[in-house]
Amino acid sequence: MSTPVSPDLTQARLKRQPDIQLPEGVCFIYDLAVVSPDMLLVANHYKHCVQLLDCLKGVVSEVQLQDWPYRMCLTDRNTAAVNMGDKKIQMIKLKDKTLTKARELTVSERVYGLTSSRNSLVVSYHSSPWLEVISMNGKVLHQLGKSGKSQHFKCPAFMCTTPGGSVFISDYGTNTITKVDARLNIFQTFTSPLLQSPRGITAVTEDEILVCSRENNSLVLLQPSTNTMSTLLGEDDGIKYPYYLTYCPDQKKVYVGSTYPTTIKVYQVL
């Protein structure tokens, strides 16, 4: 299988595609992830479950959780991690379009943000707030700010990982994006008037990071190498209070949603 060619979003055009209809009765979607072309994992906060959503046919499988799901990330093509309620991360397996629960990890505090990097999980916590890297077995590998001495973060609610393993953290309390490495060393912090209550964040390439600027009703493109930001999509493109997003490299599509959606917005990179 050939590796998908990464787009240059500074030169590309994003064309809106038909919206994906969400299951009837859905009230809160807190995160989503691409598992394959036309297949999404959805953290359905309202129904206490994670659902496998066929973009054309609707929900094909779901797994019930003991508490509300919040953030979600893929650890490999067949495994997802989702944080739920207090101090819990549930691992979920995908096989033959069927979701099943695997092991459950207990972590230090209530999880805020979640991503995976280099066979580990990176989490941020509500309390203080602070960050940890933990192994897939729950062992703490690295920490940042637990002592309370670091005042770098206020509300680090969303994270993403680049293909090279760097982690980007959006903080709606400080209106910043922070780049850290796999050991939680801080490399850069980015800010711009374009960032207003940044939420969902996803990496297209090492130097193309998409961020939901919630209060600006826009998607912002961050280019770390030049420390620049630009508006990629706005209200005229159908963006309204964006909360989460993800990118599908195989189809070059961006998926965007809000917390009270009836649909997920889809944009084709041309």
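Quick look at the values:
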{"read-out": "Sole exception among (1) over 30 Å from D207 (Cβ atoms); (2) at pLDDT below 90 for V63, by number", "value": "(2)"}
{"read-out": "Identity of the residue in the stretch 147-164, touching a residue at least 40 places away in the same chain (Cβ under 8 Å) and either out of contact with any Gly (no Cβ under 7 Å at 6 or more places or on another chain) or in a loop (DSSP other than H, G, I, E, B) (or both), that ends up most open to solvent (accessible area, probe 1.4 Å)", "value": "P163"}
{"read-out": "Sole exception among (1) assigned to a strand (DSSP E or B); (2) more than 20 Å from M72 (Cα to Cα) for K240, by number", "value": "(1)"}
{"read-out": "Residue check, S170 small (G, A, S), part of a strand (DSSP E or B) and open to solvent by less than 20 Å² (accessible area, probe 1.4 Å)", "value": "yes"}
{"read-out": "Residue within the stretch 190-197 that is surrounded by fewer than 16 Cβ atoms within 10 Å (Cβ to Cβ) and not in a loop (DSSP other than H, G, I, E, B) present", "value": "yes"}
{"read-out": "Residue list for the stretch 23-49, restricted to those being among the aliphatic types (A, V, I, L, M), closer than 24 Å to R77 by Cβ and at pLDDT below 90", "value": "I29"}
{"read-out": "Any hit, the stretch 201-210, residues being open to solvent by 10 Å² or more (accessible area, probe 1.4 Å), part of a loop (DSSP other than H, G, I, E, B) and on the phi < 0 side of the Ramachandran plot", "value": "yes"}
{"read-out": "Out of Q66, Q21, sole residue that is more than 19 Å from the chain's Cα centre (by Cα) and over 23 Å from Y125 (Cβ atoms)", "value": "Q21"}
{"read-out": "Yes/no for E132 being part of a strand (DSSP E or B), among the acidic types (D, E), open to solvent by 20 Å² or more (accessible area, probe 1.4 Å) and closer than 22 Å to T75 by Cβ", "value": "no"}
{"read-out": "Every pair of residues 6+ apart whose Cβ atoms lie under 9 Å, when the first sits in the stretch 130-146 and is of a type in the set (S, T, Y) while the second is part of a strand (DSSP E or B)", "value": "S135/S120; S135/L121; S135/L141"}
{"read-out": "Options R183, R214: the member that is under 24 Å from N119 (Cα atoms) and of a type in the set (D, E, K, R)", "value": "R183"}
{"read-out": "The stretch 207-225, subset touching a residue at least 40 places away in the same chain (Cβ under 8 Å) and not β-branched (V, I, T), residue nearest to V256 (Cα to Cα)", "value": "C212"}
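The values are calculated or read from the model by the stated rules, or taken from the named source; none is laboratory data. Here the structure is a predicted model, which means the values were calculated and not measured. In this analysis, Cβ positions are derived from the backbone assuming ideal geometry, glycine residues included, and neighbour counts consider all displayed protein chains. Just so you know, the surface numbers come from the protein's heavy atoms only, side chains and all, with ligands and any DNA or RNA stripped out. Shrake-Rupley method; radii C 1.70, N 1.55, O 1.52, S 1.80 Å.
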